[in-house]
Amino acid sequence: MEQPNDQVYSIPAPYRRMENMHILFWLLKDIGWCIIWKPLALSMIVPTLSIALIITWRTRTIKAELAHNLAIVFWISANSYWMISEFFNFEAVRVWGNVTGKHLALIPFLLGLLVLLYYYLVQKPRETRLKPVVAT
């Protein structure tokens, strides 16, 4: 049950429509990847990533939203790179030792994970400690 002093996060309608378009572009990108339709998949990278960046910028003042949206930007980047590595046949090319072209997608995946780890292990506990105590 919601407490009276809980904060409410509301999304303006134009922002919500943009987020919905973002999901559509992301799905089209991944469907194109799945059915190996390169023109569709590759053309959806730019709108998917662009909208993710816009959403991240717009929510930058809310630390939880910023962290999660940054993780999404890194996720889309890693996912897109992985797709490109498969489309252009360098996913199995050895880059260094046993690291292949596809493994380089781990860099943005791990950056997204680090952003979330920082948020949950450092930022969120700090916010919880700094919340004013409300007498009831």
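Based on what the data block shows, is LYS131 touching a residue at least 12 places away in the same chain (Cβ under 8 Å) and either in contact with a Gly (Cβ under 7 Å, 6 or more places away or on another chain) or not hydrophobic (A, V, I, L, M, F, W, C) (or both)? So LYS131 fails the test. For segment 59-105, the set of residues classified as among the hydrophobic types (A, V, I, L, M, F, W, C), touching a strand residue (DSSP E or B) at 6+ places or on another chain (Cβ under 9 Å) and modelled with pLDDT of 95 or more consists of LEU104 only.
Look at segment 78-105 and say how many of its residues are surrounded by fewer than 14 Cβ atoms within 10 Å (Cβ to Cβ) and over 21 Å from VAL46 (Cβ atoms). Going through segment 78-105 one residue at a time, the tally reaches 9. ILE55 meets the conditions (1) surrounded by 13 or more Cβ atoms within 10 Å (Cβ to Cβ); (2) more than 25 Å from LEU117 (Cβ to Cβ) in every case but one. The failed one is (2).
With the condition kept exactly as written, say whether any residue in segment 36-49 is under 18 Å from the mean Cα position of the chain (by Cα) and loosely packed, with under 13 Cβ neighbours inside 10 Å. Yes, some residue in segment 36-49 is under 18 Å from the mean Cα position of the chain (by Cα) and loosely packed, with under 13 Cβ neighbours inside 10 Å.
Rundown of residues vs (1) touching a Cys at 6+ places or on another chain (Cβ under 9 Å); (2) within 21 Å of GLY101 (Cα to Cα); (3) free of Cβ contacts under 8 Å to residues at least 12 places away in the same chain, yes/no style:
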| position | (1), (2), (3) |
| --- | --- |
| ILE55 | no, no, no |
| ILE62 | no, no, no |
| TRP75 | no, yes, no |
| ASN89 | no, yes, yes |
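Is at least one residue of segment 109-128 closer than 30 Å to ILE36 by Cα and touching a Lys or Arg at 6+ places or on another chain (Cβ under 7 Å)? For segment 109-128, residues closer than 30 Å to ILE36 by Cα and touching a Lys or Arg at 6+ places or on another chain (Cβ under 7 Å): absent.
The values are calculated or read from the model by the stated rules, or taken from the named source; none is laboratory data. Here the structure is a predicted model, which means the values were calculated and not measured. Here Cβ is always computed from backbone atoms with ideal geometry, including for glycine, and neighbour counts include all displayed protein chains.
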